[in-house]
Each structure stands twice: as C-alpha cells, then as structure tokens.
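The values are calculated or read from the model by the stated rules, or taken from the named source; none is laboratory data. Since this is a predicted model, take the numbers as computed values, not measurements. Every residue, glycine among them, receives a Cβ derived from its backbone with ideal geometry; neighbour counts consider all protein chains shown. Heads up: the accessible areas ignore ligands, DNA and RNA and are worked out on the full protein's heavy atoms, side chains in. Shrake-Rupley method; radii C 1.70, N 1.55, O 1.52, S 1.80 Å.
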Amino acid sequence: MTATIDNQKAKEAYFTASQRQLIWARFKKQRAAMIAATVLVVLILSGIFAPFLSPYDPTAAGRDKDYLNGAPQIPQFCDKNGCSARPFLHGVTRERSLATNFRWVEKVNEDERRYIQFFVRGDKYKLFGFIPGDIHLFGVDQGYVHLFGTDSAGKDIFSRTLHAVWTSLQVGTLGVMISFVLALAIGGVAGYYGGMVDSVIQMITDAIRTVPAIPLFMAIAAFIPPEWSAETRFFVITAILGLVGWPTLARRVRTHLLTERNQEYVLAAKLCGASPGHIIRRHLLPSFTSYIIVDLVISFPYMVLSETALSFIGLGLKDPVNSLGVMLQNVTKADVLLNYQWYFIPVIFFVVLVMSFVFVGDGLRDAADPYSETRK
C-alpha cells in the first residue's frame, strides 16, 4: 500500500513539475555529466578565489628570483628523521653542474624542514577586483613553496594556473554574452518577420560565417597598437570573439521562431496589441529557453579554445596577463620539452576545463530533449 502511494506521488510530481525541474531530474541521471559539473564548479570556484588560494602574486612582483625554472615541491609528512603531523618541505640549494652543461641542479637538505602553514599573510590582492586582502590559504614559515614549480622568471606556476583559469573563463563568459545578445536580437528579428527581412539577415549571417577566423585575427593583430595595455587587449579580443561567434545560435533562434510565430498564443498576443519586441521577448524566446541555455554552455569551450589558440600563436593575450593560452606558449620550446616538464601542468587544467564544459553541455542537451530517453 505504501509503495502504491509513493508511486502515485511520484507520478503526480512528474506531471506537475516545471520544465526546469524535469531537465534537472533527467540531468542527474547522467553520471558523466554530473561528475563533469562537479569538476567544473571546482574549477570555477578555484578561479574566482584564485588570489586567496594561490600563495603568491602571479606576476613578476611575486617571483622567486632564487628558484628559476624550479621543479615542483611536494609537501610530505615523513623523512629519514621521522614523521610529523604537519606537512613540510626540505630546504633546497641550487648550483651549476658541469655534468648538466652548467644547468641548475637542486640539492635537497633533508636535515632542514620548512613547515606548511595555513591562512598566512603574503602578497596583497583584491578579491573580485575590489575587496582588498593579503591572507593566502597556505605558505611556508621560511622561503617559498612551489607546488607546480616555477617558470624561467621565477613566477609560481600554481598561482599563475589558477589565475589563468579565471582569465580564460572571463574571456569565455564575456564572449558568449556578446554573441548571445546579438544572436537573440538578430535571429529573433529574422524569424519573426521572415520574408525580405529574413533573406537580408541570412545573407549577412552567411557572409560572416564564411570569414576564416585565423586570417581575420592575424589582420586584426597587425593593426593593434603595441602600446595598448593588457586590459585593452583583453576586452578587444573578447569583443572580437563575441562578434564572430553569434551566427550559429542566431540561425537556431530564427528557425525556432519561424515555426512558432504562427501559433495561436502569438496570434492572441498580436490581437491584444502587443508589439513585435514584446512578443519575441515575452512569448517566443521563453519557449526556447532550455535550448538557448544548452547552446550557451556548449559555446563556452569553443570560446575558451579560441582564446587559448589565439594567445598560443601570439595573436591574443600576452604577458603580464595570465591566461591558459599565454602559459601554453612556453611548452613548445625544445628546452622545456627536455628539462622542464612541469610546464605542461597548465595543459592538464586546460584539457579538464574544456572537457568538463563538453560533458556538461552534452548532458544538458540530452536533458532538455524530452524525447532523448525514448530514442535510447
């Protein structure tokens, strides 16, 4: 009897649930998408709180001049002298070695312990861009700690990676929002009016889609003044990514509105005297909301990939801005491939970030499709 009542309640909850609740219920059933969503949330939070989580300033102001191209330092609890409840590092001295063609060689002093401390004061920062602070999650009582090692300038790669993730997410967010607004406006007008208006807009859309991206960015990079600041380049690259990324979503919005504009609820709104803008904004686009959200999530990895690719080939962001593309510029050097493999750690974060977006987008796409379960 109890099981029957529970089944009846479950059926009632299903038939009375909103579209958002149904999408969330179907999304939770997909294990890969849920794992990717968890990883994505962790990456986003680590990027947002990067100034607090990273022990040092990611720019030259926080560099360790005595540990250039230094290997990663892994905290440990035990050594030959016994174990400790607190994680620690051994002291490291560096010297030139004839056996390695006078490269730096680290010698570990196992008799010296430098203990990891939490919530320590260090380099000043502004959380969210306006909240001043100088408390960092961890540090050491003496010297520096470099979990991912350092680069050729002595900058901490762990700190740079967290800030780079946040920069790439900012570029993706702003680029997607610009393309989102343009796609809704242009696609909405084309789909609602149709006819000659639709034909003209589609010609413009097709013309923009046929423009090759790399030659376009190379031409733009040639005209960017070298005296522009890093912030100016950031906003210009973001705006360009958004301006060339709207046609795909615009065509989807246009197709949906072409099929929906003759429905009874649209005709009723017209008879009530509603303006075209009101009908598109309040009636047509909300019926397409779930698919728009899915398209936005799927567009994120492409924006991040575009920014990374442009920065990687020298056409996008540059130092002192920390982005994944800027950090990946160094991994192509032969010296890095042979001797400094820890430079590839940001590559792992880049792959995980993009794949998380892809899995979450695929999961949302299946969850937003009410017929996805019947086709399986």
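Placing +1 on each Lys and Arg Cβ and -1 on each Asp and Glu Cβ, with no other charges, gives segment 139-292 a dipole about its Cα centre of roughly 560 debye.
Between Gln21 and Phe118, the distance separating the two model label sites (each 7 Å from Cα on the Cα→Cβ line) works out to 3.9 nm.
Ranking of Ser199, Ser356 by solvent-accessible surface, largest first: Ser199, Ser356 (1.4 Å probe, protein heavy atoms only, all chains present).
Directionally averaged projected area (segment 208-283, Cα convex hull): 7.3 nm².
Of the residues Arg114, Arg365, ranked by 1.4 Å probe accessible area with the largest first, the sequence reads Arg365, Arg114. Only helical DSSP H runs with n ≥ 4 go in: add -39500 (n - 2.57) per run for the chain, normalise by residue count and round the 222 nm mean residue ellipticity to 500 deg cm²/dmol. Using -39500 (n - 2.57) per qualifying helix, the result is -18000 deg cm²/dmol. Annotation for Val39 and Ala309: the two label points, set 7 Å from Cα along the Cα-Cβ direction, are 2.2 nm apart.
Here the dipole of segment 234-376 is about 480 debye; that uses its Cα centre as origin and unit charges on the Cβ of Lys and Arg (positive) and Asp and Glu (negative).
Beyond 18 Å, what share of the Cα-Cα pairs of segment 48-198 remains, rounded to the nearest whole percent? Tail of P(r) above 18 Å: 68 percent of Cα pairs.
In the chain, taking the dipole from charged Cβ atoms about the Cα centre, the farthest positive-side position among Ala274, Ile204, Ala250 is held by Ala274. Over every Cα atom in segment 188-230, the radius of gyration and the widest Cα-Cα span, Dmax, amount to 16.4, 47 Å. Percent of C-alpha pairs per 5 Å bin in segment 245-356, short distances first: 2, 10, 15, 14, 11, 9, 8, 8, 7, 6, 5, 3, 2, 1, 0.
What the Cα atoms of segment 288-353 give is an Rg and a Dmax of 14.8, 52 Å. Based on C-alpha pairs under 8 angstrom that are at least 6 apart in sequence, the chain has a relative contact order of 21 percent.
What number, in percent, do you get for the relative contact order of segment 169-250 if the mean sequence gap of Cα pairs under 8 Å and at least 6 apart is divided by its residue count? Worked out over segment 169-250, it gives 65 percent. Distance from the C-alpha centroid of segment 116-186 to that of segment 202-268: 28 Å, rounded to the whole angstrom.
Rg/Rh for the chain (Cα atoms only, Rh after Kirkwood) is 1.08. Expressed as a fraction of 2.2 N^0.38 Å, the C-alpha radius of gyration for segment 145-187 is 1.83.
What the Cβ-Cβ distance of Ile208 and Leu271 gives, at R0 = 25 Å and to the nearest 0.05, is a FRET efficiency of 0.10. Accessible surface area normalised per residue over the chain is 55 Å², counting heavy atoms of protein chains with a 1.4 Å rolling probe. Overall, the chain carries a charge dipole of about 780 debye about its Cα centre when +1 sits on the Cβ of Lys and Arg and -1 on the Cβ of Asp and Glu, all other atoms neutral. Averaging over all projection directions, the Cα-based convex hull of segment 144-228 occupies 8.9 nm² in the image plane.
These residues, Lys29, Lys318, go from largest to smallest accessible area, 1.4 Å probe, as Lys29, Lys318. Among Cys78, Val42, Leu53, whose Cα projects farthest towards the positive end of the dipole of segment 30-81, with charges put on the beta-carbon of Lys, Arg (+1) and Asp, Glu (-1)? Positive-most Cα among the choices belongs to Val42. Note on Val197/Met355: beta-carbon distance plugged into 1/(1 + (r/R0)^6) with R0 of 41 Å gives a FRET efficiency of 0.55.
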